[in-house]
Amino acid sequence: MKDFRSDTFTQPTEAMRKAMYSAETGDDVYGEDPTANRLERMAEEITGKEESLIVSSGCMGNLIPLMIKGGRGKEVLCAPESHIVRHEIGAVASLSGTLPVLVPSDKGILNSADVEKHVHGYAYDMSETAMIETENTTSGLIYPIENLRAIKDVAERHNLWVHMDGARIFNASVETGIPVSTYAETADDITFCLSKGLGCPAFSVLSSTHEFIREAKRIRKLLGGGMRQIGILAAAGIYALEHNIERLKEDHEHRMAISEALRKTGWADVRISETNMIFFTSEYPMAGIIRAFREKGVLFLEDGGMGRIVTSLNVTDEDTEETVKIIEEMDTREFLA
């Protein structure tokens, strides 16, 4: 099966497994896991932030800043499409107590003028704006650096914290050539995911100031995220940062080939095609399209009524060529069978 469901389905390579097997370990709760410490130092160099912290997931990486800088009676401004709203089980409200205020966006990308319209300060009967959340990439789309800088300017004028959900920030970086550290300058904290396109079995990393990470360690413990001999998994992250960033360009090339094949069909209307994600609609029922492709050995998902195809480490040149051929030869009557 050619699996395009998500880049979270990637498997550790043999070389990554060997790095995990030979990793030095210690108790990370006490700060004594040397491999975890090395991974965090690498994250600091990449993001340009003062300190970094390994967290168990992207969800935790988003939740910790909301708990520190948001909370009861506080608001976070974000796009309706953002992960903290759509894909994290409402933790933004139920666990952090922060009110998400949805700012109109262009497919998940905010502009500074709309953000500023939603900022308000103290009023005895209203929640107070405390944070802005950006997401890069968002549904595979790259946030323009100009938007991010303008949003940061708004935040500084109003004394707001900016959290960047940078789960797939490396996809944005390799596509644009803009360093991750440059994107990170537009936020007060940034999290990135190791278990998506970079191919690791677990972990995200949260980066910010010394003071912020000091509090983040406490919140991580509060959430049950204090971990012990995590060097075994941190070694996978080190391997990924050393070997798997530039190869993301291959995922983007595979996405381009599949997207172009879909555009030529007449039955697929490609709505988003950037970095490693494709979203498309069709006059035919999406459930029928997904079933027909599954029967031919191609897996992808439905997301918000659209077909979603995600390329990743698991997808080879051969897989891409075969998928393009299947698209070209697909009989639309099979969607209705």
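For this structure, a couple of remarks:
- The modelled label-to-label distance between Ser22 and Thr176, using points 7 Å beyond Cα along the C-beta direction, is 3.7 nm.
- Here r is the Cβ-Cβ distance between Glu242 and Arg157 and R0 is 51 Å; the resulting FRET efficiency, rounded to 0.05, is 0.80.
- Heavy-atom accessible surface of the chain, averaged per residue, reaches 44 Å², computed with a 1.4 Å probe.
- Peptide ranges 159-166, 17-24 listed from the most packed, as the mean C-beta count within 10 angstrom indicates: 159-166, 17-24
- The Rg/Rh ratio of the chain, with both radii computed over alpha carbons and Rh defined as the Kirkwood radius, is 0.99.
- Relative compactness, segment 200-289, computed as alpha-carbon Rg over 2.2 N^0.38 Å: 1.66
- Placing a label point 7 Å from the Cα of Glu44 along the Cα-to-Cβ direction, the residues of segment 8-35 with a backbone N closer than 19 Å are 26-35.
- Ranked packing of 136-145, 237-246, most packed first, by mean Cβ within 10 Å: 136-145, 237-246
- Phi angles of segment 253-262 translate, via the Karplus equation with coefficients 6.51, -1.76, 1.60 and θ = phi - 60°, into HN-Hα couplings of 5, 5, 4, 4, 5, 5, 4, 5, 5, 5 Hz per residue; Gly and Pro are given as x.
- Angle of helix 210-222 to the longest C-alpha principal axis of the chain, folded into 0 to 90 degrees and rounded to 10: 70°.
- Dimensions in Å of segment 132-260 - Rg and Dmax from alpha carbons: 15.9, 48
- Seen from all directions on average, segment 176-329 presents a Cα convex hull projection of 11.7 nm².
- Relative frequency of Cα-Cα separations exceeding 12 Å in segment 33-73, percent: 65
- In the structure shown, the pairs Lys74/Lys152; Lys74/Lys117; Lys107/Lys296 are assessed against 23 Å; a Cα-Cα span above that value is assigned to Lys107/Lys296.
- Candidate cross-link partners of Lys217 among the aspartates and glutamates, defined by an alpha-carbon separation under 19 Å and a same-chain spacing of 8 or more, comprise Asp27, Asp28, Glu32, Asp33, Glu40, Glu44, Glu50, Glu51, Asp165, Asp188, Asp189.
- The chain - mean residue ellipticity at 222 nm from DSSP helices (-39,500 (n - 2.57) per run, n ≥ 4, rounded to 500): -12000 deg cm²/dmol
- Angle in degrees between helix 231-243 and the longest Cα principal axis of the chain, rounded to the nearest 10: 60
- Heavy-atom accessible surface of the chain: percent carbon and sulfur, 1.4 Å: 48
- Surface/4 estimate of mean projected area, convex hull on alpha-carbon atoms of segment 1-145, nm²: 12.2
- Helix axis angle, 317-329 relative to the chain longest principal axis, alpha carbon, degrees: 50
The values are calculated or read from the model by the stated rules, or taken from the named source; none is laboratory data. Here the structure is a predicted model, which means the values were calculated and not measured. Cβ atoms come from the backbone with ideal geometry, glycine included; neighbour counts cover every protein chain shown. Keep in mind that these areas ignore ligands, DNA and RNA; they rest on the heavy atoms of the full protein, side chains included. Shrake-Rupley method; radii C 1.70, N 1.55, O 1.52, S 1.80 Å.
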